[in-house]
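Here's the structure, in structure tokens; my notes come after.
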Amino acid sequence: MKDSRFSRSEFLALSSLLAGSTLFPSKAEAAPDGGVAPVRPARGAVVPTPGTDGGVAGPVSAPASQAEYEQLRRGCTASLVAGSTAEDGAEYVRIGEWMQRQHLSSDVYGNGDFVQAFEKRIADLLGFEDACFMPTGTMAQLIALRIYADAGGPRTVGLHPSSHHVLHEDDSYAVLHQLRAVFLGPWTRPVLAEDVAQARDALGSVSVELPVRWLGGQLQTWEQLAALKRTCRERKVKLHMDGARLWESQPFYGRSYADICKGFDSVYVSFYKRVGAIGGAMLVGGRDFIRESRVWRHRHGGNLYQLAPQVASSAMRLDAALAAIPGLVKRAKALTALLAADPRVTVLPQPVQTNMFHVFLRGSPAAYSRQRDRIAREDRVWVAGGFGQTRVPGVVSTELQVGEGLGRISDADAARAFLRLLEAA
């Protein structure tokens, strides 16, 4: 993080100041380096710790262990946060049964008709020549950036301050591949063409997240995205997409995935996010690029003896997952409208652009965690994974995602359950 104004730990503490929101009187009072404090999702949630700040009507005891926490969460019939696939081996049974019904055989180090057919399907869907299945998105993206750096240009990569490369990979781009980050734009908005044009150093590549998670799923407008692509092309800067949540972006743009990806040199998509697979990712690009990516997958130790289980988990879920997205985004818009109607609640962004968003509340993380557990026991609705303290004293944030876990509960009932959190304020 030598080029950053903040250390990595300070980045992790950043939160958006939401200029012009109900929490703040004017844009002029917002700090220029805002952001969103990373909030632990349910999958990696921290066991709530009882505090002394009160705020909860009546005594409510927090779960005494991680196991009790998980039991409480799984006992809910509806959830406003992203969840993992079914536990206790049920997912693995379904994978095996699905492969048997499809009469599929496994692969050997990724070589097999089934794996290669799925790679071609995703390449076609995103409008690229070829694709390579990867065990993780981190591996996929590091490989893309390394290939671009080795092509002879500057070993610099333009990144948003909240990029996954920056916050969640222990500086692997620098330690493993000797790349140097150049931070583009402020924390408070996605990367734009002007950020590339005005970069303080020559850029070899740019990695752009669509949508930006720590901005509540914000996206560039179609015109802004086109300008970003054009600027990178004119400056001969390779443009890579961190498409971990690309699937959820399609309703906002109203265009095909291939049209959205056109102009990017490479794209990574995730299969455990939104699709709900047990893991896995895909890196897509030109034929020569993917040929070299396979070599780097081997060098990274990612050329697993059998990739078929991860691929099958992805393939058997993909169609239903993509078909559900427009409805989930529609529900997210309705739900956020209900939440934002309460003046004690601030939603980012507003209007919501995907099926995910951030909510800001006044109070303390401990008090809200205890109230969340009380709601789970009484209403059987899991209303939040965790609460992060923002840089604004007395304001916390949480990340919500509308998914199948919301079930058949109405939007009004979901909003009512979430607003019960305010009893802890």
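The values are calculated or read from the model by the stated rules, or taken from the named source; none is laboratory data. This is a predicted model, so every value here is computed, not measured. In this analysis, Cβ positions are derived from the backbone assuming ideal geometry, glycine residues included, and neighbour counts consider all displayed protein chains.
The table that follows gives values for the structure above.
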| item | result |
| --- | --- |
| Hey, V212 closer than 22 Å to H177 by Cα and touching a strand residue (DSSP E or B) at 6+ places or on another chain (Cβ under 9 Å) or not | no |
| Those helices (runs of 4 or more DSSP H) lying entirely in the stretch 251-351 with at least 3 residues among the small types (G, A, S) and surrounded by fewer than 21 Cβ atoms within 10 Å (Cβ to Cβ) | 308-340 |
| Enumeration of residues in the stretch 166-181 that are more than 19 Å from H298 (Cα to Cα) and either in contact (Cβ under 8 Å) with a residue 60 or more places away in the chain or of a type in the set (A, V, I, L, M) (or both) | V166, L167, D171, A174, L179, R180, A181 |
| Any hit, the stretch 180-188, residues being within 16 Å of P349 (Cβ to Cβ), in contact with a Pro (Cβ under 9 Å, 6 or more places away or on another chain) and surrounded by 24 or more Cβ atoms within 10 Å (Cβ to Cβ) | no |
| Residue check, R94 basic (K, R), over 26 Å from R297 (Cα atoms), touching a residue at least 24 places away in the same chain (Cβ under 8 Å) and in the same structural domain as V402 (by TED's automatic domain parsing) | no |
| Unique residue being within 26 Å of K236 (Cβ to Cβ), touching an Asp or Glu at 6+ places or on another chain (Cβ under 6 Å) and in contact (Cβ under 8 Å) with a residue 12 or more places away in the chain when the list is A131, A144, A140, A149 | A131 |
| Boolean, R377 is farther than 13 Å from F418 by Cα and surrounded by fewer than 20 Cβ atoms within 10 Å (Cβ to Cβ) | yes |
| Filter result (among the hydrophobic types (A, V, I, L, M, F, W, C) and either farther than 30 Å from P251 by Cα or buried (at least 20 other Cβ atoms within 10 Å of the Cβ) (or both)) within the stretch 194-210 | V196, A199, A202, L203, V206, V208, L210 |
| Per-region count, the stretch 390-425, residues in a strand (DSSP E or B) and either in contact with a helix residue (DSSP H, G or I) (Cβ under 6 Å, 6 or more places away or on another chain) or hydrophobic (A, V, I, L, M, F, W, C) (or both) | 3 |
| Tabulated pairs, the stretch 387-412, first farther than 21 Å from D373 by Cβ, second surrounded by fewer than 19 Cβ atoms within 10 Å (Cβ to Cβ) and of a type in the set (A, V, I, L, M, F, W, C), C-beta under 6 angstrom, 6+ apart or interchain | D411/A334 |
| Residues being acidic (D, E) and touching a Lys or Arg at 6+ places or on another chain (Cβ under 8 Å) - total across the stretch 368-398 | 1 |
| The stretch 137-179 - residue that is surrounded by fewer than 16 Cβ atoms within 10 Å (Cβ to Cβ) and of a type outside the set (G, A, S) and, of those, nearest to E292 (Cα to Cα) | D150 |
| Selected residue (criterion: surrounded by the most Cβ atoms within 10 Å (Cβ to Cβ)) from residues of the stretch 75-128 that are hydroxyl-bearing (S, T, Y) and farther than 29 Å from S266 by Cα | S79 |
| Residue that is nearest to the chain's Cα centre (by Cα) [pool: residues in the stretch 71-104 that are at pLDDT 90 or above and of a type in the set (G, A, S)] | S79 |
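Condition check ((1) in the same structural domain as I122 (by TED's automatic domain parsing); (2) over 20 Å from the mean Cα position of the chain (by Cα); (3) acidic (D, E); (4) at pLDDT below 95) across all residues:
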site	(1), (2), (3), (4)
G263	yes, yes, no, no
L335	no, no, no, no
P343	no, yes, no, no
V352	no, no, no, no
